[in-house]
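Q: Please find one structure pasted underneath; my questions will follow.
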Amino acid sequence: MRLAVLDRDRCQPKMCGLQCIKFCPRVRTGDETIIIGEDEKPVISEELCSGCGICVNRCPFGSIIIIGLPEKLEETTHRYGKNGFSLYGLPGPAIGKVTGILGPNGIGKSTAINILSGTLKPNLGRGRITWEEILEYYSGTALADYLEGVSQGKVKTSQKPQYVDMIPRKFKGKVSALLSKTDERKVLKDLIYKLDISDIIDRKIDELSGGELQRVALAACVARDADFYFIDEISPYLDIYQRIKAAQIIRELAATRAVMVVEHDLAILDLLADVVHVAYGTPGAFGVITHPKGVRIGINEYLKGFLREENVRIRTESIKFDVHAPQATKEVSSLMTFGQFTNKYEGGFELKANGGDIRKGEVTGIVGPNGIGKSTFVKILAGEIQPTSGKLDINITVSYKPQYIKAEDPVPVSDYLRSLNKQVDSSYYQTEITRPLALERLMKQKLDDLSGGELQRVAIAACLSRKADLYLLDEPSAHLDVEQRVQATKVIRRFAENNKVTAMVVDHDIYMIDMLSDRLLVFEGEPMKRGEVHGPFDMREGMNRFLKGIGITFRRDEETKRPRVNKLDSQLDRMQKAEGEYYYSVEK
């Protein structure tokens, strides 16, 4: 079975001279394998296509994807017209459970949610179709009763959007005005307390940080009275403690409701979900959603890259974690040292650094709660702000990726990156940066047209494109899916090692910090009031110190050695705290 997909937004037939038609071997022999449709764009016959891939390679805009699909796939759940994206399978909401969806961006998760919420009628790949035909197809399945309720308009949904930084564009006014409209379950006061947003309730939406917007958006979603709740990523901009609090709120909600979540922080998904559906395929072309799996089994199979029940390999390499705590720090020379300095803000917050060293060719992770001064510290190293006391002599060149990214210039990605590094077209740059970050299909797009995840990958590439001694990346995992986080981690590590430069990364994704860092800087103090910089420490000492400060313990999965959050006050949680082992277990 062959699938031909045309990205109609990318396709520019007036600018390419219809290369796909001119060079198609079947068209040259007289077949109508590719014709011009009513919208003056190509229409590819999947029945006649030989799968040679010439049109894919000839298209200057990368708008064509030709894929050979497995014959065992179920009937199409939904297809967006001829040569459009196809979805196979649907996740099943279940009352009393949190159902997770694990998979890359662009794989059909939004399509599935639109179907489950009733905003999109599944066409089973047949074009026009009636609800009677749909219900007949799903008769006898776990989804039958649910979809019957959707067809009758009886299912009420509440949704938390993925990109919370877009909220200020749609709503103007105070937080209290926004939340008061959503308190259908009369639980808003409790949510405000649990999410620690009482101090911002009278502030305007456009004055909030990303983490504050994330918590407000979650409160607004959970406060509504609905049958089905869909929560798209709770982790961006939240620290590990806030993520766990949000997960607890969602689990409480699921006691009497059907809740479905998409989450790319696997440690939080593991804690949050009861079952997971793994989504795989080719982003932008087709997606397959598996039957539900136990959360541990589903995550482990995803990390290994092989789905046992489906007998499908979704990745050539497994994602691996260290079996033991990292070895003693390797001998490396110092890049720079910094002495004591402080930085005070008019609002009263004070950051104090006790001094430390930064080493060449090393990746240093930066961890700590939100509002503790991590971004301030990075901005001081980047030279964007000066400390109020103490002198910081930085005699090195620095490249900086900020936490919040804005694309104001409507220039193509290729032109933007080329302005930073003229080697963009070299084989080394493409091998080490462009391909791993999946930027090839974005090169002709303009910056202001990119999604949050696309813009994040471009920002990482831009940071690494500048020639510097020290590379500072503030929350590079935000809006990236699991695959993209792994690739970004590999790119940053290889770049530092191969070029003998230093990278410092601020992030709240424990998986990413675990795979990425040689040493850790740990920030402690009282959020929004004072912060102190300690370290750098070796990984084991640093993570134990960090997690002890927020009262959370992790264990390692026996099969994959990935970090897993222990339930608060569980036997293992209490035992590890008594031993002082908050992250790495002692190897006997």
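Q: Using alpha-carbon pairs under 8 Å, 6+ residues apart, how would you state the relative contact order of segment 118-212 in percent?
A: The value is 26 percent.
Q: For the pairs K156/K194; K170/K293; K160/K374, note any where the Cα-Cα span goes beyond 31 Å. Don't jump to the answer; show the numbers that get you there.
A: Values: K156/K194 25 Å; K170/K293 37 Å; K160/K374 27 Å.
Listed pairs above 31 Å: K170/K293.
Q: Right, next: Counting only helical runs of four or more DSSP H residues, what would the 222 nm mean residue ellipticity of the chain come to if each run contributes -39,500 (n - 2.57) and the total is spread over all its residues?
A: Taking each H run of at least 4 residues, the total per residue is -8500 deg cm²/dmol.
Q: Treating only the Cβ atoms of Lys and Arg (+1) and Asp and Glu (-1) as charged, compute the dipole magnitude of segment 514-577 about its Cα centre; round to the nearest 20 debye.
A: Details: 14 positive and 12 negative charges, 33 e Å.
Roughly 160 debye for segment 514-577.
Q: Using the Karplus curve 6.51 cos²θ - 1.76 cosθ + 1.60 with θ = phi - 60°, work out ³J(HN,Hα) for each residue of segment 364-378 in order, rounded to whole Hz, and write x for Gly and Pro.
A: Per-residue couplings from phi come out as 10, x, 10, 10, x, x, 5, x, 10, x, 5, 5, 4, 4, 5 Hz.
Q: Against the longest alpha carbon principal axis of the chain, how many degrees, from 0 to 90 and to the nearest 10, is the axis of helix 210-223 turned?
A: Helix 210-223 sits at roughly 60 degrees to that axis.
Q: Would you mind working out the magnitude of the charge dipole of the chain relative to its Cα centre, with +1 at each Lys and Arg C-beta and -1 at each Asp and Glu C-beta, to the nearest 20 Debye?
A: I would put it at about 480 debye.
Q: Relative contact order for the chain using alpha-carbon pairs under 8 Å, separation at least 6, rounded to a whole percent?
A: 13
Q: Can I ask one more? Pairs K379/K406; K529/K567; K352/K500; K109/K245; K82/K446: which are spaced more than 21 Å apart, C-alpha to C-alpha? Can you show the working numbers first?
A: Working: K379/K406 17 Å; K529/K567 29 Å; K352/K500 29 Å; K109/K245 25 Å; K82/K446 27 Å.
Long pairs (Cα-Cα over 21 Å): K529/K567; K352/K500; K109/K245; K82/K446.
Q: Let me ask something additional. What is the spin-label model distance, in nm, from R126 to Q248 if the labels are put 7 Å beyond Cα along the C-beta direction?
A: Using points 7 Å along Cα→Cβ, the separation is 4.9 nm.
Q: At what distance in nm do the modelled label points of T141 and S333 sit from each other, each positioned 7 Å from its Cα along Cα→Cβ?
A: With each label placed 7 Å out from Cα toward Cβ, I get 6.3 nm.
Q: Then there is this: If I model a spin label at R8 and F306 as a point 7 Å from the Cα along the Cα→Cβ vector, what separation in nanometres do I get?
A: Label at R8, label at F306, 4.1 nm between them.
Q: A further question on this structure: Mind checking which lysines have their C-alpha under 16 Å from K154, skipping anything on the same chain fewer than 8 residues away?
A: Correct list for K154: K121.
Q: While we're here: Heavy atoms only, probe 1.4 angstrom, no DNA, RNA or ligands counted: give me K14, K82 ranked by accessible area, highest first.
A: Order by accessible area, largest first: K14, K82.
Q: Taking the 0 to 90 degree range and rounding to the nearest ten, how far is the long axis of helix 482-499 tilted relative to the main principal axis of the chain, both from C-alpha atoms?
A: 50
Q: Using alpha carbon centroids, what distance separates segment 332-405 and segment 13-59, in Å?
A: First find each Cα centre; the distance between them is then 54 Å.
Q: Could you work out the pair-distance distribution P(r) of segment 70-228 from its alpha-carbon pairs, with 5 angstrom bin width and percents rounded to whole numbers?
A: 1, 8, 15, 17, 16, 13, 12, 9, 6, 3, 1, 0
Q: Considering only protein heavy atoms, with the full assembly of protein chains and a 1.4 angstrom probe, order T157, T29 by accessible area, largest first.
A: Details: T157 50, T29 105 Å².
Largest to smallest exposure gives the sequence T29, T157.
Q: Got a number for carbon plus sulfur as a percent of the chain's accessible area, 1.4 Å probe? Walk me through the intermediate numbers first.
A: Numbers: 12880 of 26770 Å².
Here it works out to 48 percent.
Q: OK, next. Positive end of the charge dipole of segment 417-499 (Lys, Arg +1 and Asp, Glu -1 on Cβ, about the Cα centre): tell me which of L473, L437, S451 has its Cα farthest that way.
A: L437
Q: Considering only protein heavy atoms, what is the solvent-accessible area of L472 at a probe of 1.4 Å, reported in Å² to the nearest 10?
A: 0
Q: Taking H placed 1.01 Å from N in the peptide plane, check which residues at least 5 places from F341 or on another chain put their amide H under 5 Å from its amide H.
A: A353, G355
Q: Each residue of segment 412-417 in turn: what ³J(HN,Hα) in whole Hz from Karplus with 6.51, -1.76, 1.60 and θ = phi - 60°, glycine and Pro shown as x?
A: My calculation for segment 412-417 gives x, 4, 4, 5, 5, 5 Hz in order.
Q: For the full complex of protein chains and a 1.4 angstrom probe, list S86, S318, S139 by accessible area with the highest value first.
A: Ranking S86, S318, S139 by accessible area, largest first, yields S139, S318, S86.
Q: HN-Hα J couplings of segment 230-235 from phi, Karplus 6.51/-1.76/1.60, θ = phi - 60°, integer Hz, Gly and Pro as x?
A: Calculated HN-Hα couplings, in order: 10, 10, 9, 6, 9, 7 Hz.
Q: Provide the packing ranking of 266-279, 38-51, 519-532, 480-493, i.e. peptides ordered by the mean count of other C-beta atoms within 10 Å per residue, highest first.
A: Highest to lowest by the protection proxy: 266-279, 480-493, 519-532, 38-51.
Q: For segment 235-303, give the magnitude of the charge dipole about the Cα centre (Cβ charges: +1 Lys/Arg, -1 Asp/Glu; no others), in debye to the nearest 20.
A: 140
Q: Skipping prolines and chain starts, which residues have an amide H placed within reach, meaning under 5 Å, of the one on M504, given they are 5 or more residues away or on another chain?
A: HN-HN under 5 Å from M504: T364, Y471, L472, L473.
Q: On average, how much accessible surface per residue is there in the chain, in Å², for a 1.4 Å probe, leaving out ligands, DNA and RNA?
A: Per residue, the chain has an accessible area of 46 Å².
Q: Amide H to amide H, which residues 5 or more places from F286 or on other chains are under 5 Å from it, using H placed in the peptide plane?
A: S86
Q: Working out 0.36 nm times the residue gap between Q340 and Y80, then minus their Cα-Cα distance, what length gain in nm do you get to one decimal?
A: Values: separation 260, 0.36 × 260 = 93.60 nm, distance 5.91 nm.
Gain on extension, Q340 to Y80, equals 87.7 nm.
Q: Additional query: Please report the spacing between the Cα centers of segment 512-580 and segment 195-242 in Å, no decimals.
A: For segment 512-580 versus segment 195-242, the Cα centre distance is 24 Å.
Q: Grab the Cα-Cα distance for K561 and I394, subtract it from 0.36 nm times how many residues apart they are, and report the gain in nm with one decimal.
A: 56.2 nm
The values are calculated or read from the model by the stated rules, or taken from the named source; none is laboratory data. Because the structure is predicted, anything quoted here is derived from the model rather than measured. Here the Cβ is made from the backbone with ideal geometry for all residues, glycine too, and neighbour counts use every protein chain on show. Ligands, DNA and RNA are stripped out before the accessible areas are found, and what is left, the full protein with its side chains, is counted by its heavy atoms. Shrake-Rupley method; radii C 1.70, N 1.55, O 1.52, S 1.80 Å.
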